[in-house]
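Read the structure below first, then the notes.
The values are calculated or read from the model by the stated rules, or taken from the named source; none is laboratory data. Keep in mind that what you see is a predicted model, and the values were worked out from it rather than measured. Cβ coordinates were reconstructed from backbone atoms using ideal geometry, including for glycine residues, and neighbour counts include every protein chain displayed. Note: accessible area is taken over every heavy atom of the protein model, side chains too, but ligands, DNA and RNA are not part of it. Shrake-Rupley method; radii C 1.70, N 1.55, O 1.52, S 1.80 Å.
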Amino acid sequence: MLGAIVRLLVFVAAVVGATVAVSALLETEGGIAISAAGYEVFLTPLAAVAVLLGGFALSILALRLLELGFALLRLLTGDTDALGSYFRRGREQRGLAMLARAMTALASGDGRGAQVAAQKAERLLQRPDLTRLLNAQAAEMAGDDRRARRYYTALASERETAFAGLKGLLGRALAEGDKETARRLAERAATLAPGEAGVLATLYRLQGEAFDWTGARRTLKMQRRIASVPPEEADRREATLALAQAEDAAAQGKRAAARRLAVEAATLDPANAEAVASATRLLIEDGAREEASRRLIEAWRAAPAPALAAAFATIAPEESAEARLARFQELFEANPKHRETRYLRAELALMAEDWAGARAAVESLGEREFSARSCALLAAIARGEGAGEAVVRGWLAKALGASRAGSTDSEIGRAAMLPLLIGENAAPEAFGVREFGGR
């Protein structure tokens, strides 16, 4: 639209300029006198300009006739394609001019103008390898989806332009929300151009949305090869995919495969608490408790998380609260100053009814303003120490309005603590907490 307006303004300006110039020439006095061989011709300024323009046009025509004469001469000397080459050259020049006009219109956002110029270029050049992509893009910009898809399909059918066609069809499928078709197109495009980072990223996303974990891992391997994903991020992604595969294998009863994939996920990303916890649960179920304990301690050393503590508890689910507190010392020592370690100390001390130890653990956090999780712990401690109901309820009220410094603060208690907080008949779901494991 903007290109069409600009061209209209230029045309109007040219007409106005020509009109002003003619008027000025008509009003100009004098003229040009030409004498030759006893003849004299007098030209007004307007006539002189007309003669000059006519002479220029005749010069161009003479050059064209001269080129045609040379073409005829080559034909007479045996060049059977001389005339065809002459006429093709003129058509190609016009076609290239249309091609340039279409590209300019496309760059300026004039989809309709680009489409018209590109179709003319296609007719003149007879070179679909040059004009199909431009026609497809122009049709897409003009909103002619059917024509765009036809050109992209034609591009995809030729070996030299297949990738461009597939990429265009992929864009159309994504715009229409047809993710299944888009995934198939992306797979074909990735096969043709395995080094194209954008296509690989799209394919990886589509495979993940389709729960195609095997395909996503294959694509991730290609991304690793071209270094389009940083190594640490690639490890994290592959660990997530391996964990998803492990969950699927476990659901299908394939325990050996589930354990292998879960351990692989934990090895790839030791900081992924869910991966480590899943691997250790399977190891524990298979009797490999020492390996499970070692992995959990290493993961806690890297990044403590409640999921790891829950998995560590399942190593000995029937132990007493005192025995659990003693066994968890090894976990505490792996990362003693971490905030999650101190929370865990307080929670296990509560389970063992060690009120002083629990209070010391909460106070060791050094919080200027207690978080929601700390307030809930202090409410449980107050209840255990025999404080009045008003004190307990006061801490619970503070928990509702306190900051939640981390995602784990939503777990303001554990199954062993809830009876202390809201009575013997409390259920863990009442506070939205998860079962910690144990007694």
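Go through segment 181-213 residue by residue and tally those that are among the aliphatic types (A, V, I, L, M), farther than 27 Å from Ala246 by Cα and not in a helix (DSSP H, G or I). Residues that pass the stated criteria total 1. Taken over segment 362-387, the criterion of being under 46 Å from the mean Cα position of the chain (by Cα), of a type outside the set (S, T, N, Q) and open to solvent by 10 Å² or more (accessible area, probe 1.4 Å) is satisfied by Glu363, Leu365, Gly366, Glu367, Arg368, Glu369, Phe370. Of Glu196, Glu160, all but one fail to be under 25 Å from Leu134 (Cα atoms) and exposed (fewer than 13 other Cβ atoms within 10 Å of the Cβ); the exception is Glu160.
Here Ala310 meets the list (1) touching a Phe, Trp or Tyr at 6+ places or on another chain (Cβ under 7 Å); (2) surrounded by fewer than 17 Cβ atoms within 10 Å (Cβ to Cβ) almost entirely, failing just condition (2). Applying a threshold of 7 Å to beta carbon distances and a minimum spacing of six or more residues, or different chains, the list of pairs starting in segment 177-198 at a residue that is over 13 Å from Leu166 (Cβ atoms) and ending at one that is in a helix (DSSP H, G or I) and of a type in the set (D, E, K, R) reads Lys179/Glu209. Considering segment 199-226 alone, what residues qualify as being open to solvent by 80 Å² or more (accessible area, probe 1.4 Å) and not basic (Lys, Arg)? Result: Glu209, Phe211, Thr214. Of all residues in segment 143-156, those satisfying the criterion of being more than 17 Å from Ala193 (Cβ to Cβ) and either under 25 Å from the mean Cα position of the chain (by Cα) or open to solvent by 30 Å² or more (accessible area, probe 1.4 Å) (or both) are Gly143, Asp144, Asp145, Arg146, Arg147, Ala148, Arg149, Arg150, Thr153.
Within segment 322-333, the set of residues being under 13 Å from Ala299 (Cα atoms) and surrounded by 18 or more Cβ atoms within 10 Å (Cβ to Cβ) comprises Leu331, Phe332. Which one of these is among the small types (Gly, Ala, Ser) and over 18 Å from Trp300 (Cβ atoms): Ala387, Ala361? Just a single option satisfies the conditions, and that option is Ala387. For Ser293, the requirement of being open to solvent by less than 60 Å² (accessible area, probe 1.4 Å) and farther than 30 Å from Ala244 by Cα is not met.
Taking the criterion of being among the polar types (S, T, N, Q) and touching a residue at least 12 places away in the same chain (Cβ under 8 Å), the residues of segment 321-361 that qualify are Asn335, Thr341. For Ala316, state whether it is surrounded by fewer than 17 Cβ atoms within 10 Å (Cβ to Cβ), without any contact (Cβ under 8 Å) to a residue 40 or more places away in the chain and in a loop (DSSP other than H, G, I, E, B). Yes: the conditions hold for Ala316.
The residues of segment 296-307 that are farther than 26 Å from Trp355 by Cβ, assigned to a helix (DSSP H, G or I) and either of a type in the set (Ser, Thr, Tyr) or open to solvent by less than 60 Å² (accessible area, probe 1.4 Å) (or both), listed by number, are Leu296, Ile297, Ala299, Ala307.
Residues that are more than 17 Å from Glu291 (Cα to Cα) and touching a helix residue (DSSP H, G or I) at 6+ places or on another chain (Cβ under 6 Å) within segment 243-270 comprise Leu243, Ala244, Gln245, Ala246, Ala249, Ala250, Ala257, listed in sequence order.
When only residues in segment 173-187 that are among the charged types (D, E, K, R) and modelled with pLDDT of 90 or more count, which is least open to solvent (accessible area, probe 1.4 Å)? Filtering segment 173-187 for residues that are among the charged types (D, E, K, R) and modelled with pLDDT of 90 or more, the one least open to solvent (accessible area, probe 1.4 Å) comes out as Arg183.
Residues considered: Ala382, Ala405, Ala399. Of these, the only one that is in a helix (DSSP H, G or I), of a type in the set (A, V, I, L, M, F, W, C) and at pLDDT below 85 is Ala399.
So which residues in segment 267-286 are part of a loop (DSSP other than H, G, I, E, B) and modelled with pLDDT under 85, if there are any at all? Those that are part of a loop (DSSP other than H, G, I, E, B) and modelled with pLDDT under 85: Pro270, Ala271, Asn272, Asp286.
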